[in-house]
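Visitor: I am attaching a structure below and will ask some questions about it afterwards.
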Number of protein chains: 2
Amino acid sequence: MAFPPTPVSLRVKPGPNRLAVTGIGNAMLDIITRDSNEVFRDLGLVKASMTLIGEDQLSRFYEAMGPTIEMSGGSVANSIAGIAALGGTCGYIGKVAADEFGERFTHDLASLGVELDLAIARSDEGATGRCHVFITDDAQRTMATYLGASNQLRVEDVKEKLIARSEITYVEGYLFDLPPAKEAIRKVVNFAHEHDSMVALSLSDMFCVDRHRRDFLDLVTSDVDVLLANETEILALFQVATLEQAFEALAELGVLAAITRGAQGADVATMTGVVRVPAHEVEHVVDQNGAGDMFASGFLYGLALGADPVEAAELGSLCAGEIITHLGARPEGDLEDLALEAGLL
Amino acid sequence: MAFPPTPVSLRVKPGPNRLAVTGIGNAMLDIITRDSNEVFRDLGLVKASMTLIGEDQLSRFYEAMGPTIEMSGGSVANSIAGIAALGGTCGYIGKVAADEFGERFTHDLASLGVELDLAIARSDEGATGRCHVFITDDAQRTMATYLGASNQLRVEDVKEKLIARSEITYVEGYLFDLPPAKEAIRKVVNFAHEHDSMVALSLSDMFCVDRHRRDFLDLVTSDVDVLLANETEILALFQVATLEQAFEALAELGVLAAITRGAQGADVATMTGVVRVPAHEVEHVVDQNGAGDMFASGFLYGLALGADPVEAAELGSLCAGEIITHLGARPEGDLEDLALEAGLL
């Protein structure tokens, strides 16, 4: 461990019928390939970022890939799977199609005990979303995403029931990529406010922030309690050059934020200042895919249990350390056992 | 490394339009889950073995599984993927259905440059085969296999073209599980003899050997040049109690054999005696799934290049060492680079 175990402060598990966190995001399957030769460049992708592609491009991308591994993905869905692996109760709201990928996505969360409120897309709303992930030898991942049904989430698809029972409601920034989802986010946030559920937001991707800066800023300014982002995303949001400037902007807004910084760990920005939580040391980084999502699992679950933000970030760091040792963005091991061993739960 | 690099003896890559190895086997997708609680026992499975299940049981097995990872599998197909990852030219003969799993199986071998001769099942011959793999904390895998289309391989599905160009023809023992496949195996072996292709056979599974001992013995006695098996399989074949007795039986038949023995390495039984090749040391064994298949990749590719059997087994050991460090039975890394670094290619 990179830091000594922190004594576990007063932690309170959510009561009966309560949920620690409900997430709302793009439901999708990951199609993962090793790409030592950086073939993704021939497809016009920018390294380490996410590019949106249409249904007509699916076969071109798949054919360009080497052998693949498939598993459920979606940034906020990954975080929810992580919280379930930590032993937390949680919910998930999203949209899939009535196809095989949709069934698999549903199975993988349901088998972890996650309560699901999944809308099923009409046949004209596309297939279940999928993300083509190219892992290079430096463990970076470059993504091409077909949103499909996932981003056809409409206002009428968002129901109150899971949000009303949740300590935290966690919203995926990627949802901003289609207009109907924006209205749905508004409805989610209103439900959360009504039921005293904290609102957490992931900025998802710097290009996504560029596409929807105004909407993101409005939401962060008026509705968000907890913000999760990496360095490039938070700089893009405030259009500033340094993290110090970003922290000032966050302090003015009174938003608790965790800024993940890869091997350097995470900066937790609270009302009283910024604390650096080191990354959990691992022997060999295989795939950074999911590191931010798993950090969010530990961070949000810690907050939901009443841990202070720095302790919560230490739990986040532990979870991120597990995910980068293997391919894929969903945890393989029992995160609860890991956290108990480390004295973080 | 557990042994010093061996000087590379005279190795000859197959000439233009030649193939090192063509495999024939059960084409299937693996559906892999971590099973810390040994849930597979409730499904009636025997630990570390393979059980056949019917189409009507698919949903029951899938629903009992935790979150899954999907990737192409099939024992001999895995070995062929491993040879391709070693830089070898190879072919594969099998049968899939015209469904999504069939497409993915095809994609994954084709993207490695494997020449395919895949028969497509009629709609009444079942879906593409799939294997439910339960990985326990001791890295053992317990399997429930739906053969589906894969084992509807008929005599008319087997063509001469790939076998005629191959140094070695590699047959999967699992194919014996349906009568039409037995006739197809006969045809494969005849083609191999006509074209001076060595015949290699995998015994696949001890229960499979029990089901078809007579057929296996006939084939080994009269047609097989190279036999691949683990300890339990070879004892089951000859119905003997010790490996020494099995080696005597092999010597009488004049068959070259490699017997994989897990952490103890592999015993190579040649005309001149038995040599133990140690297992390649790895830090942490995650999943033993595919270890035998990858050993076969290195062993058969080495033989196809003209290496002596012990050198070939060292290459097999190196490949097996890669696969057990991660989930799944297909290689993630570049085996050719690994082998070149180790001085084995």
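Visitor: Across segment A:92-103, what is the number of residues that are under 16 Å from B:Glu63 (Cα atoms) and more than 8 Å from chain B (Cβ to nearest Cβ)? It would help to see each step written out before you state the result.
Guide: Within segment A:92-103, the first condition is being under 16 Å from B:Glu63 (Cα atoms), and the residues that meet it are A:100-103.
Next cut, more than 8 Å from chain B (Cβ to nearest Cβ) only: A:101-103.
Selection size over segment A:92-103: 3.
Visitor: Taking segment B:14-43 only, how many residues are over 24 Å from B:Asp293 (Cβ atoms) and more than 11 Å from chain A (Cβ to nearest Cβ)?
Guide: Total satisfying the criteria: 5.
Visitor: Please return the ranges of strands (runs of 3 or more DSSP E) entirely within segment A:1-73 where 2 or more residues are small (Gly, Ala, Ser) and at pLDDT 95 or above.
Guide: In segment A:1-73, the matching strands (runs of 3 or more DSSP E) lie at A:19-24, A:68-73.
Visitor: Does at least one position in segment B:74-91 carry a residue that is within 14 Å of another protein chain (Cβ to nearest Cβ), surrounded by fewer than 24 Cβ atoms within 10 Å (Cβ to Cβ), assigned to a strand (DSSP E or B) and in contact with a helix residue (DSSP H, G or I) (Cβ under 9 Å, 6 or more places away or on another chain)?
Guide: No, the conditions are met nowhere in segment B:74-91.
Visitor: A:Pro309 versus (1) more than 17 Å from A:Ile80 (Cα to Cα); (2) within 14 Å of chain B (Cβ to nearest Cβ): which is the lone unmet condition?
Guide: Only one criterion is unmet by A:Pro309, namely (2).
Visitor: If you check A:Gly273, A:Gly290, A:Gly328, which single one turns out to be at positive phi and either acidic (Asp, Glu) or more than 15 Å from the chain's Cα centre (by Cα) (or both)?
Guide: Matching residue, one of A:Gly273, A:Gly290, A:Gly328: A:Gly273.
Visitor: Report, ordered by the first and then the second residue, all pairs with beta carbons closer than 9 Å, sequence separation of six or more or different chains, a first member in segment A:165-177 that is more than 18 Å from A:Ile83 (Cβ to Cβ), and a second member that is among the acidic types (Asp, Glu) and modelled with pLDDT of 95 or more.
Guide: Pairs that qualify, where the first residue is more than 18 Å from A:Ile83 (Cβ to Cβ) and the partner is among the acidic types (Asp, Glu) and modelled with pLDDT of 95 or more, are A:Gly173/A:Glu233.
Visitor: While we're here: Examine segment B:324-339 for a residue that is touching a residue at least 60 places away in the same chain (Cβ under 8 Å) and more than 14 Å from every other protein chain (Cβ to nearest Cβ), and state whether such a residue exists.
Guide: Checking segment B:324-339: at least one residue is touching a residue at least 60 places away in the same chain (Cβ under 8 Å) and more than 14 Å from every other protein chain (Cβ to nearest Cβ).
Visitor: Can you name every residue in segment B:287-329 that is in a helix (DSSP H, G or I), among the hydroxyl-bearing types (Ser, Thr, Tyr) and at pLDDT below 95? First the steps, then the outcome.
Guide: The first filter runs over segment B:287-329 and keeps only residues in a helix (DSSP H, G or I), leaving B:291-304, B:309-323.
Cutting the leftovers down to among the hydroxyl-bearing types (Ser, Thr, Tyr) gives us B:297, B:301, B:317.
Across segment B:287-329, there are no qualifying residues.
Visitor: Can you go through B:Thr106, B:Thr128 and tell me which one is out of contact with any Phe, Trp or Tyr (no Cβ under 7 Å at 6 or more places or on another chain) and within 14 Å of chain A (Cβ to nearest Cβ)?
Guide: Going through B:Thr106, B:Thr128 in turn, the sole match is B:Thr106.
Visitor: If you check B:Ala200, B:Ala241, B:Ala229, which single one turns out to be closer than 25 Å to B:Ala320 by Cβ and free of Cβ contacts under 8 Å to residues at least 60 places away in the same chain?
Guide: B:Ala229
Visitor: Follow-up question, since we're still on this one. Tell me, which helices (runs of 4 or more DSSP H) wholly within segment A:155-248 include 3 or more residues that are surrounded by 21 or more Cβ atoms within 10 Å (Cβ to Cβ) and at pLDDT below 95? Explain how you work it out, then say what you get.
Guide: Numbers: elements: A:161-164, A:179-194, A:206-211, A:213-222, A:231-238.
Qualifying helices (runs of 4 or more DSSP H): A:179-194.
The values are calculated or read from the model by the stated rules, or taken from the named source; none is laboratory data. Bear in mind the structure is a predicted one, so any value in this text is a computation, not a measurement. With ideal geometry, Cβ positions are generated from the backbone for all residues, glycine too; neighbour counts draw on all protein chains shown.
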